[in-house]
Every structure is written in C-alpha cells, then in structure tokens.
1. Considering amide H positions built from the backbone, and no H for Pro or chain starts, which residues 5 or more places from residue 134, or on another chain, come under 5 Å of its amide H?
2. Whole Å is fine, so just give me how far the alpha carbon centre of segment 100-129 lies from that of segment 159-206.
3. Please arrange 98, 177, 151 by how many other C-beta atoms lie within 10 Å of their C-beta, fewest to most.
4. Counting only residues 5 or more places away or on other chains, whose amide H sits under 5 Å from the amide H of residue 150 once H atoms are built in the peptide plane?
5. Over segment 124-199, how many percent of alpha carbon pairs lie in each 10 Å bin up to the one with the longest distance?
6. Could you line up 243, 138, 20 from fewest to most neighbouring Cβ atoms inside 10 Å?
7. I'd like the Karplus ³J(HN,Hα) series for segment 164-175: coefficients 6.51, -1.76, 1.60, θ = phi - 60°, whole numbers in Hz, and an x wherever there's a Gly or Pro.
8. So what are the ³J(HN,Hα) numbers for segment 153-163, from phi and the Karplus equation (6.51, -1.76, 1.60; θ = phi - 60°), rounded to whole Hz, Gly and Pro as x?
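No lab work stands behind these numbers, since they all come straight from the coordinates. Note that the structure is predicted; figures quoted are calculated from it, not measured. With ideal geometry, Cβ positions are generated from the backbone for all residues, glycine too; neighbour counts draw on all protein chains shown.
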Amino acid sequence: MGQEPMCRAQEFQGQAEPMTWPRQQGVLKLDAPCWIAPAQLRQQLARAQGEPVQLIDVRPHGWRADALEGAIALPLRDLPHQAFLAQGEAVLIGSGLDVAELNQVCLDLRRKGWSVRALRGGAPAWLAHRRGLAQAITAQQWIMALGQGMDWHLALGAALPDEQAERLPLEPALVLDAKASASAQAVAGQLLRLQQRLQRRASKQAAHTAVVFLAQGDASAVLQALHAAQRQAPSPKAIAVATVPIYVVQGGWDAYRAEVLQNHAIHATAQHALARACGAL
C-alpha cells in the first residue's frame, strides 16, 4: 500500500511580501491649454456673452459636501459620451487631488475638438472665498494623491525618529520645533508662510503645488486656526488668486502608518494563493 501523503504546513504557506511604503511619483508637467486659474475663470464668467461657460463638477460623491453653484455633476468617466460638451466651452472642476486624471481627460477631449479646460486647484480653489485654501483629508486620500503628479511640500508637526522619517513619501519641506508648534495658531502661521512662499512661484510653474501637514496626532485645532487666519486675510484679491492649498491629514502620522499597514495586509491577502486541502487529489 502506498504511503498516505503527509501534511507539511510550510508547503502551503505564502511567502511574506516585503513592506513597501508609498513614495511621491514624478511631478507632472501640466498641459497649459488644458488649465485655467480660478481668477481667470471668474473674469471669464463675469464677461461671458452669448453661449455661457458650462461648469462640470467631476468630483467623486464623497467630495461633494460643498455644492458648486451652477455646475452639472458628472462622473469623469462619462464625459466622452456627453455630446452636449461639444457644443460650447466647459470647465471641469475636480477635487484638487485628481490632477493627472483631469489632465489626461482634458487632453483626450480636446483631441476630439471639444473646448474643455480644467480648473487649477479644483473645488477647494473655487470655494476659497468661503473658507480659504485649507482642508482636512484622510491618509488614504493623500496616499492616492501621491500618484497624481502634484508637487507636494510636506510639513511635519515634529521631527520623526529616523526609522519613521525613512518611511515618509518625500523629504519634508518644513519640520516644526517645540517653539514653532507650541500652539495651533503658531503652527498655522508657519504653514501659511510656507504656502505664501510657494504661491509666489506657483504661477510660473507648469505643475500643481500643494502643502500637506502631517502631525503626530490630531490636528483639528490646527485646521481651525488655519481657517480663522485665512478669514482674516487682509486682501480678498490675494485669496482670489491663490492656488496652493494646505491639506491637513486627519490623525497625522499614526493614521498614515495604519493606512499603509492596512493596504499592505489587503494586498498580501489578495496575492496569497489558496492552499489546496492537505492530501487532496
């Protein structure tokens, strides 16, 4: 009689995949004819005669908490099938974190002869007069945006240990010390100064620039301080031409680390081949 097959657990164990931390992808050079600044669009709408400019809200459903007055909401994937877009001029308004997608869709539609552009900075820039260019995002949203070709500038609420610093997706542009992070107002002031420096050169760049703030913990007080400071901005004109947003990652470093670990676990599970039953024919 033949011997019964023996079960060796190690034969059915999947190989552990090495941990991969996100990295910022290359900065995308935007196709200039495809993009329009918020201030330019407002001027165009104010003097529009005859056929008006159609605003198209292409934000995912989760990003539509703030309504865009006068805009038609359409999924980005449906635009090539909307024949009415060929009849006039249209401006696509995204989330602000979908730069590469909008750039490609705009190029594709313009090749069809359609008069289409995308708004620089997306809905946050269009609504900046309400709350300024600062908003909270989740760690997942930031990780996904790292592949959109944006020129990110990372600000840290405190210096990280070397092991954690090596896992950041890009080198920090600003690391706050104890004095600079003594209060939410102090942190907001540092972030606004970084934003202003970047804004001065943003108009000369063919890329979309953004600041992201990664705290050691909850940063909701910092976001409130940013909104308060931007509401007190001395020049409404400065707000109107602003295009560099500040994104505050909810939960800071801890949330970012947890999201990366979760993504890795999901990927590893999906890649793991189902082990056949021991002794199965």
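1. 246
2. Distance between centres, Cα-based: 28 Å.
3. Details: 98 22, 177 10, 151 18.
Going from sparsest to densest Cβ surroundings: 177, 151, 98.
4. Under 5 Å from the amide H of residue 150: 28.
5. Histogram of Cα-Cα distances, whole percents per bin: 15, 44, 37, 5, 0.
6. Values: 243 24, 138 15, 20 10.
Ranking 243, 138, 20 by Cβ neighbours within 10 Å, fewest first, gives 20, 138, 243.
7. So the J values, rounded to whole Hz, are 6, 4, 5, 8, 5, x, 7, 5, x, 8, 8, 10.
8. Along segment 153-163, the couplings run 10, 8, 10, 9, x, 6, 5, 9, x, 3, 4 Hz.
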